[in-house]
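Every number in this text was worked out from the coordinates using simple rules, so none of it is lab data. Not measured: the values here are computed from a predicted model. Cβ: placed from backbone, ideal geometry, glycine included. Neighbour counts: every protein chain shown.
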There are 2 protein chains.
Amino acid sequence: MRPYALRGDFIWTPSPGALELRPGAYAVCDENGLCAGVFDVLPESYAGLPVRDLGDTLIVPGYSDLHTHAAQYRDMGLGMDHELIGWLSDLTYPEEARFADAAFAREIYGRFAAELRAGFTTRACIFASAHREGTEILMDILDMTGLKTFVGKVNMDRNAPDYLRERDAAFAAEDTERWLSETMGRYENTKPILTPRFVPSCTPEAMEALGAIRRKWGVPVQSHLDETPEEVAWVRELCPDSESYAHVYDAAGMLGPDAVMAHCIYLTDPEVALLKARGTFIAHCPASNMNVRSGIAPIRRYLDEGLNIGLGTDISGGHTLDMGQAVRDALSVSRLLWRLREEKPPHLAAAEAFYLATAGGGAFFGKAGKFEPGYAFDAVAVDDGGWRDPGDGLDIRFQKMIYRAASRNVVSKYVAGRRLF
Amino acid sequence: MRPYALRGDFIWTPSPGALELRPGAYAVCDENGLCAGVFDVLPESYAGLPVRDLGDTLIVPGYSDLHTHAAQYRDMGLGMDHELIGWLSDLTYPEEARFADAAFAREIYGRFAAELRAGFTTRACIFASAHREGTEILMDILDMTGLKTFVGKVNMDRNAPDYLRERDAAFAAEDTERWLSETMGRYENTKPILTPRFVPSCTPEAMEALGAIRRKWGVPVQSHLDETPEEVAWVRELCPDSESYAHVYDAAGMLGPDAVMAHCIYLTDPEVALLKARGTFIAHCPASNMNVRSGIAPIRRYLDEGLNIGLGTDISGGHTLDMGQAVRDALSVSRLLWRLREEKPPHLAAAEAFYLATAGGGAFFGKAGKFEPGYAFDAVAVDDGGWRDPGDGLDIRFQKMIYRAASRNVVSKYVAGRRLF
């Protein structure tokens, strides 16, 4: 790759709460698609580098969507008067079953990928469905977008309708290994991620077999954890001998710094300690917290405890793929938790929610989410001309971007140095 | 006005929770700009009526925004890490002070009016600033939009910076009467509404004088009530002899079916009884509930108590003028209140939030917000082609509209029979 520089008004956050505001600066992308630094004046050593001047467009690191369901794309906004368990059986499972049809999968996944590509998202962890073929179709499509993605074939061999359920643990393991053998190393941008749906959907035999597969193939893992009180009680019934919901995953070797668990609304103190010890990532999905009325994840506390946290859109528990809305929603639910539960210390600040969307979630993919030397050059250009006022400083423009910018305001995007549009 | 008919897929709600779904129907607008009914087949008596066929566009009643601040338009999204009182002094009051400048007012109010005209909103109750001249500029501009609006010159003669505060009660009364004499009956679409900012900003003398003005001129009134615990405690200090915050307004004759109070998050039982007895409207502003971290208004309970309720965007406590977002936010906060406070009966359903935005708030303006005979013909056409799936029934399209439609999806709008675009 030929090195180049972008010029514009850069904003990123090196640590939770800290904000770097660099108007009219130059970000250099090196031959490996990594950021070589941000400079107010382009250094001599980079003289002659091709420069793309984005004028006074805002440039922020790409956002990472740590949890979403491609097979629920058509359901966005549907069934929101349901609660989690009924919503799964009445709406979600019947829809996911349709992805057994390759033509259907090609059409819907194509629409999903196009919308994901257009917004703030540069990297994502994505659930497909239980179908191996459909999952590979999604991976084929996503790889072409240029976005960096982890995609999972969903495992579920119990507590799901027969039309969707994997026959048994043996079939789940065999089908999953076949899927891994067919997809590992096959793509430039897309990688497989092990995806036991959640504890209630996986027999102990399946969870153990998947743990063995994880060790054998060295694949990362994504799942759900502590989303609703009803679900937590159900897991307690299903696994009476386990210390907690999180410990069920841990016993199968499903935690670690290459594991991301969605929601984590009701973590007990031992679970917090366990996730921290393992370096496991939390995918905070605030829209889903509200839509499925699950409750509010105490992200302020988790952040102060030093847990790894990013944001997720969680369609169709969430109703939009727009990560800008996820940032606003993270701020909203944090404020309400503070007010309704007097959580100390107070709620997230705008710069902290922005951190979760960029550096926080980016860390799951390695060095991503900051404009710092050695980080992947993921850049999103946001046109704020529609609401910018003369004389607005970059700090004001940052606040307005957080509350007003939507996917349609993203005018250019780079992933690992490669320009997508 | 020449009668005509609109053809399209109509959705409205006759009562909380009930939904009328009328695909391919005809709505007739009579010579007075009132709805004559919705018909699956155009009756003989209307043969020859000009028909505008909107195809399979969704047509819903116009939304009423019962509470917003035009003078805070530029502040949307700013200062959200503040809380109410500090947010007023550090951000809001300095901005409102600029509306003493007529040229500034003309520019910003013009942008506000243009955005309001483009979205779901057909009717609105709007705070200007304490400046009479600026308020009249806003009324001039709003009248030209064709939207039906109540606009208030804000009264505040205490607990506000000198640069914004009205000198004293006598000046407040005199300036307000002059404003009323200059604006009452002057506009086709815009009317003045008495606007004591809130109890802490008005001396007892001012409140009493405004009450007398309200009786003399027969004008409606808008204000704020029970927004945050800190504010409620402050009012208790300021008015130790009053039974409650609401009773301070009542003593001055500020309640009634022509009065709308924003927020009402912390109403006591006597206050609920008082508002109900007076028929006073509540403007529920869910985005503001979250942004200013005020808490969550228990709308489920108020609705079941039979109170009059509509929705408000409350910029810039709210961060958007998009009433579609207000509907989503009303659903979100209701669900969280149910989950975090176990409020019984459960949270609002989508059709109920839609009711608040249309018929609920519309009632403040008389007969508005339904496609029923005798109701103002306020119609908003929404293009849902961007997310509609083949075979989606009107019930599914309604749910998707609630969660996906934004101002930009409004393709045509009628207010009191008049087509705006």
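What is the range A:1-127's relative contact order, in percent, from Cα pairs under 8 angstrom and six or more apart in sequence?
The value is 26 percent.
Could you work out how far apart the two model spin labels at residue A:233 and residue A:174 are, taking each label as a point 7 Å from the Cα in the direction of the beta carbon, and quote it in nm?
3.9 nm
What does the C-alpha gyration tensor say about the overall shape of the range B:210-334? Classify as rounded when a/c is under 1.5, otherwise prolate if a/b is larger than b/c, or oblate.
Verdict is prolate for the range B:210-334.
Using modelled backbone amide H atoms (1.01 Å from N, in-plane), which distant-in-sequence or interchain residues come within less than 5 Å of residue A:26's amide H?
Distant-sequence amide H within range of residue A:26: A:39, A:40.
With a ≥ b ≥ c taken as the square roots of the eigenvalues of the C-alpha gyration tensor of the range B:321-421, please select rounded if a/c is under 1.5 and otherwise prolate if a/b is larger than b/c or oblate if it is not?
oblate
Tell me the distances, shortest first, between residue B:40 and the same position across the other copies, using label points 7 Å along Cα→Cβ, in nm to one decimal.
7.2
Give me a comma-separated list of calculated 3J(HN,Hα) values for the range A:64-78, in order, Karplus coefficients 6.51, -1.76, 1.60 applied at θ = phi - 60°, integers in Hz, x for any Gly or Pro.
Using θ = phi - 60°, the values come out as 9, 9, 7, 7, 7, 10, 4, 6, 9, 4, 6, 8, 3, x, 9 Hz.
So for the range A:358-410, averaging the separation of alpha carbon pairs under 8 Å that are six or more residues apart and normalising by length, what relative contact order in percent results?
Relative contact order here is 25 percent.
Looking at the range B:268-421 only, what percent of DSSP beta bridges run antiparallel? Nearest 5 please.
Here the antiparallel bridges make up roughly 55 percent for the range B:268-421.
Rounded, prolate or oblate: pick one for chain B, where a ≥ b ≥ c are the square roots of the eigenvalues of its C-alpha gyration tensor, a/c under 1.5 means rounded, and failing that, prolate if a/b is larger than b/c, else oblate.
prolate
With +1 assigned to the C-beta of every Lys and Arg and -1 to the C-beta of every Asp and Glu, and no other charges, what is the dipole magnitude of chain B about the Cα centre in debye, to the nearest 20?
Result for chain B is approximately 920 debye, rounded to the nearest 20.
Within the protein assembly as shown, what percent of beta bridges assigned by DSSP are antiparallel, to the nearest 5?
Roughly 40 percent of the DSSP beta bridges within the protein assembly as shown come out antiparallel.
At a Förster distance of 51 Å, what's the computed FRET efficiency of residue B:184 paired with residue A:21, Cβ-Cβ distance as r, to 0.05?
The value I calculate is 0.55.
Each label point is 7 Å from the Cα along the Cα-to-Cβ direction; what then is the distance between the points at residue B:2 and residue B:114, in nm?
3.1 nm
Using a 7 Å offset from Cα along Cα-Cβ at residue A:101, what residues in the range B:360-399 end up with backbone N under 15 Å from the label point?
B:389-392
What percent antiparallel are the DSSP beta bridges of chain A, to the nearest 5?
40 percent
Magnitude of the Cβ-charge dipole of the protein assembly as shown, K/R +1 and D/E -1, about the Cα centre, nearest 20 debye?
So the dipole magnitude of the protein assembly as shown works out to roughly 1280 debye.
³J(HN,Hα) across the range B:25-37 via Karplus (A = 6.51, B = -1.76, C = 1.60, θ = phi - 60°), whole Hz, x for Gly/Pro?
3J(HN,Hα) across the range B:25-37, in whole Hz: 9, 10, 9, 9, 9, 8, 5, 9, x, 9, 6, 9, x.
Using a label position 7 Å from Cα in the Cα→Cβ direction, what is the ascending list of nm distances from residue B:2 to the same site in the other copies?
6.3
Cα axis of helix B:269-278 to longest principal axis of chain B: angle in degrees, 0 to 90, nearest 10?
Result, in degrees: 60.
So which of B:148/B:276; B:191/B:367; A:148/A:367; B:148/B:400; B:153/B:191; A:191/A:370 end up more than 20 Å apart by C-alpha?
Check vs 20 Å cut-off fails for B:148/B:276; B:148/B:400; A:191/A:370.
Taking the Cα centre of the protein assembly as shown as the origin and placing charges on Cβ (Lys, Arg +1; Asp, Glu -1), which of B:198, B:261, B:396 is farthest toward the positive end of the dipole?
The residue sitting farthest along the positive end of the dipole is B:396.
Can you give me the angle between helix B:132-145 and the longest principal axis of chain B, using Cα atoms only, in degrees from 0 to 90, rounded to the nearest 10?
Helix B:132-145 sits at roughly 0 degrees to that axis.
Expected output is a single nm value to one decimal: the length gained when fully extending between residue A:133 and residue A:341, i.e. 0.36 nm times separation in residues minus the C-alpha distance. What is it?
Contour length minus the Cα-Cα distance gives 70.3 nm.
Which distance in nm do the two modelled labels at residue A:367 and residue B:217 give, with both placed 7 Å along the Cα-to-Cβ direction?
Label-label distance for residue A:367 and residue B:217, simple model: 6.6 nm.
If we count every other residue with Cβ under 14 angstrom of residue A:325's Cβ, Lys/Arg +1 and Asp/Glu -1, where does the sum land?
Local charge sum for residue A:325: -2.
In debye, nearest 20, what is the charge dipole magnitude of the range A:8-157 about its Cα centre with +1 on Lys and Arg Cβ and -1 on Asp and Glu Cβ, if you could check?
160 debye
Through the Karplus equation 6.51 cos²θ - 1.76 cosθ + 1.60, θ set to phi - 60°, convert the phi angles of the range A:158-169 into ³J(HN,Hα) values in whole Hz; use x for Gly and Pro.
7, 6, 9, x, 3, 5, 10, 5, 6, 3, 7, 4
Can you list, shortest first in nanometers, how far residue A:182 lies from the same residue in the other copies, with each label 7 Å from Cα toward Cβ?
Ordered by increasing distance: 7.5 nm.
Just to verify a number: FRET efficiency for residue B:51 and residue B:144, C-beta to C-beta distance, R0 = 25 Å, to 0.05?
Efficiency, from the Cβ-Cβ distance: 0.30.
Summing -39500 (n - 2.57) over the DSSP H runs of n ≥ 4 in the protein assembly as shown and dividing by its residue number, what mean residue ellipticity at 222 nm do you reach, to the nearest 500 deg cm²/dmol?
-10000 deg cm²/dmol
Dipole of chain A (Lys/Arg Cβ +1, Asp/Glu Cβ -1, origin at the Cα centre): which of A:170, A:298, A:57 lies farthest to the positive side?
A:57
Nearest 0.05, what FRET efficiency do residue B:268 and residue A:32 give at R0 = 45 Å with Cβ-Cβ as r?
0.10
Quote the relative contact order of the range B:282-421 in percent (integer), defining contacts as alpha-carbon pairs under 8 Å separated by 6+ residues.
RCO, the range B:282-421: 21 percent.
Could you give the angle, 0 to 90 degrees to the nearest 10, between helix B:102-118's Cα long axis and the longest principal axis of the Cα atoms of chain B?
30 degrees
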